[in-house]
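Here the structure comes first, spelled out in structure tokens, and everything after it is commentary.
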Amino acid sequence: MNGEIYFSNNYRDLCQRSGTGAGFQFEFSCYRCQDTWRSPFEAYTGERAASWLRKGTDLAWGLLGSSGSGVTSAADGLAGAGWGQARDQAFDRAINNAQGHFNRCARCTNQVCGRCWNAAQGLCLHCAPDTAAEAMAAQQRGLNDMAAQRAYAAGQQAGQAFDPSRPRQLVCPQCRTETRGAAYCSECGYQLAQSTQCGSCSTVVPDGAAFCPGCGTRR
């Protein structure tokens, strides 16, 4: 395997080490859009031979009523010894093949697919966005910003009718229902935001009291 790894953080190892389906395959992804490309599957002949040898040995020794563990262990050892080098070589071939499907950005050094590549600039679309797409996006942002500004101005105009000095209670003191600033509770009908002082004697009237505790005047 060569010393330089071009896809160090955007690939997935799909290799299978054991069984008759043993082999090497790698999945590479575009750094920008995450679309993937898989290398062609390469069978690991050493493990496949060992797997078939294990099956044949187990069948033969089974008919004889004995165990062929020594033969299968030797086959496993040979297959395992060659796995690492075979996997590295397959990965090297997969990287060389993947370089034909991806482009390396000269600015951010990320590997991107053809759809995320600005060939005219030699950069990825993250570093050199498409001009027409950027213009349309800017136009939409301008439209949204102006709509937001006009909506804000309309809200300011409607707010002129709002009296911020009027007393409000957001929770009914009798039943604890949320009132959203209404004059009466929607659950129990209690009159909200009543004056805390009696209109006759100026005595403080507790929340929920129907009559003044000082003079008996109905609240």
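Computed values, structure above
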read-out: For Gly181, net neighbour charge (Lys/Arg +1, Asp/Glu -1) across residues whose Cβ lies under 13 Å away; value: +1
read-out: Leading residue at positive end of dipole, the stretch 121-171 (Cβ point charges), from Ala137, Tyr152, His126; value: Tyr152
read-out: Residues whose placed amide H lies under 5 Å from that of Trp117, excluding near-sequence neighbours; value: Leu125
read-out: Karplus-derived 3J(HN,Hα), 6.51/-1.76/1.60, for each residue of the stretch 109-123, Hz, glycine and proline x; value: 6, 7, 8, 10, 7, x, 6, 9, 10, 9, 5, 5, 9, x, 9
read-out: Karplus-derived HN-Hα couplings along the stretch 30-40 (A = 6.51, B = -1.76, C = 1.60, θ = phi - 60°), whole Hz, x at Gly and Pro; value: 6, 5, 8, 9, 6, 5, 10, 9, 10, 6, x
read-out: Fully extended contour minus Cα-Cα distance, from Ala135 to Thr109, at 0.36 nm per residue; value: 6.8 nm
read-out: For Cys201, distant residues with modelled amide H under 5 Å away; value: none
read-out: Per-residue ³J(HN,Hα) for the stretch 130-145, Karplus 6.51 cos²θ - 1.76 cosθ + 1.60, θ = phi - 60°, Hz, x for Gly and Pro; value: 5, 4, 5, 5, 5, 5, 5, 5, 5, 4, 5, 5, x, 4, 5, 5
read-out: Calculated FRET value between Gln99 and Asp145, using beta carbons and R₀ = 25 Å, to 0.05; value: 0.05
read-out: Label-point gap, in nm, between Gln197 and Ala210 - each point 7 angstrom along Cα→Cβ; value: 2.6 nm
read-out: Dipole moment magnitude, nearest 20 debye, the stretch 99-193 about Cα centre, only Lys, Arg, Asp, Glu C-beta charged; value: 160 debye
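Values in this text are rule-based calculations from the coordinates and carry no lab data. Here the structure is a predicted model, which means the values were calculated and not measured. A quick note on method: Cβ atoms are made from the backbone with ideal geometry, for glycine too, and the neighbour counts reach across all protein chains shown.
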